[in-house]
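Asks: Pasting in a structure now, in structure tokens, and then I'll have a few things to ask.
The numbers here are math on the coordinates, done by the rules we state, and not lab data. Only a predicted model underlies this, so the values are computations on that prediction, with no experimental measurement involved. Here Cβ is always computed from backbone atoms with ideal geometry, including for glycine, and neighbour counts include all displayed protein chains.
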Amino acid sequence: MVWSSYLDPKQAAPVAEWKNTEKQNITLENLLHMAGGLQWSETSKGSTPDQGIMLFQQSDYAGYYLNKPVVAEPGVQFNYSTGATSLIARIVQDQLGGTINHTYQFMQDSLFHKIAISSAVLEYDEAGQPSGGANLYMTARDWARLGLLYLRKGNWFGEQILSKEWIQFATTPSPANAQYGAQIWLNTGQKKWPALPADTYAFVGFEGQYVVIVPQHDLVVTRLGATFDTDRFPLETLISGIISSLPSSALPTSPSADSHPIIFSPVSNPEQPLKAL
């Protein structure tokens, strides 16, 4: 929806509750970069675990976040916030028509069906808004399809599903944190994963869920699991091991849009090949 007729990330986020308040200049870009400037504690180990309070005690996730006080100038301070993504999800739904059905149909028609994702389950809060920052469930293979779409710069076997401008924006370091783009972790700046190529980026989920994209090696790796202490999960070792095990012929330096990627994900039924890969 970004760079379409719907939303401009440079403009003030279309949040009615923020009109004529000190929050009215917070942009969608600020929210995408986790730099909205609102007070937030992501960890569940602190005295004010906003993430846990929002997900388990609130009926309106976006409403909980948007009412948090301002503690920094927008765009200046990085503060990872599940609440920011929940608000983005509400903004998207509002632009689509404001109902669960509008969001569901848009996601199915504009993304999931186009890249052969069939397992996606998106949860909503009691207010009828997409959870956004959590609770999107898919098989490892379907997560890999989404990773492949990013690897191919939004192009799915000849059809441009996501704009190249969006992919470029999402994978460009944000001003407040060089390790983060637009809802994606990057390996730039002081590398988050020093052992991996600098062009590596990843979707990082709860307790060790990963979709890792390594353009230099035309590689997508999906890992689904439950690792409470994610700092102890050897992600770099896993990805480095996969890269080192690839034959030299499978390590293109400049993969073309038509080349076949290397995708690692669990196979639930080895007799059933992927339909689109």
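Asks: Where nothing but the Cβ of Lys and Arg (+1) and of Asp and Glu (-1) is charged, how large is the charge dipole of the chain around its Cα centre, in debye to the nearest 20?
Replies: With only Lys, Arg, Asp and Glu charged at Cβ, the dipole is about 420 debye.
Asks: Relative to the present Cα-Cα distance, how much length would full extension add between Ala16 and Gln183 at 0.36 nm per residue of separation?
Replies: 57.8 nm
Asks: Among Gly181, Gly97, Pro215, pick out the residue whose Cα is farthest towards the positive end of the charge dipole of the chain, where Lys and Arg carry +1 and Asp and Glu carry -1 on C-beta, about the Cα centre.
Replies: After comparing all options, I get Pro215.
Asks: Another one. At 7 Å along Cα-to-Cβ for each site, give me the label-to-label distance between Ile161 and Gln57 in nm.
Replies: About 3.9 nm separates the two model spin labels.
Asks: Also, quick follow-up: Given H placed on each backbone N at 1.01 Å, which residues far from Thr172 in sequence or on other chains put an amide H within less than 5 Å of it?
Replies: Those qualifying (amide H under 5 Å, at least 5 residues apart or on another chain) are Ala182.
Asks: Sticking with this one: Which of the pairs Lys10/Lys164; Lys23/Lys164; Lys114/Lys191 have their Cα atoms more than 23 Å apart in this structure?
Replies: Lys23/Lys164; Lys114/Lys191
Asks: So, one more: What is the distance in Å between the Cα centres of the range 144-220 and the range 42-98?
Replies: If you average the Cα positions of each part, the centres end up 23 Å apart.
Asks: On to the next question. Which of the three applies to the range 139-266, rounded, prolate or oblate, going by the alpha-carbon gyration tensor with a ≥ b ≥ c and a/c under 1.5 meaning rounded?
Replies: It comes out rounded by the Cα gyration axes.
Asks: Taking only DSSP H segments of four or more residues, each worth -39500 (n - 2.57), what value at 222 nm results for the chain once the sum is divided by all its residues, to the nearest 500 deg cm²/dmol?
Replies: Value at 222 nm, helices only: -7500 deg cm²/dmol.
Asks: Nearest 10 degrees, 0 to 90: what angle lies between the long axis of helix 82-96 and the longest principal axis of the chain (Cα atoms)?
Replies: On a 0 to 90 degree scale, this one is about 90.
Asks: If you build a Gaussian network model of the chain, linking Cα atoms that sit under 10 Å apart, which residue out of Leu238, Leu111, Leu196 swings the most?
Replies: Comparing Leu238, Leu111, Leu196 in the GNM, the peak value goes to Leu238.
Asks: Under a point spin-label approximation (7 Å from Cα along Cα-to-Cβ), what is the Asp109-Ser240 distance to one decimal in nm?
Replies: 4.8 nm
Asks: Using only the Cα atoms of the range 1-137, build the gyration tensor, take square roots of its eigenvalues as a ≥ b ≥ c, and label the shape rounded, prolate or oblate: rounded if a/c is under 1.5, else prolate if a/b is larger than b/c, else oblate.
Replies: Cα axes put the range 1-137 in the oblate bin.
Asks: Next up: Please rank Ser240, Ser59, fewest neighbouring Cβ atoms within 10 Å first, as an exposure proxy.
Replies: By the 10 Å Cβ count, ascending: Ser59, Ser240.
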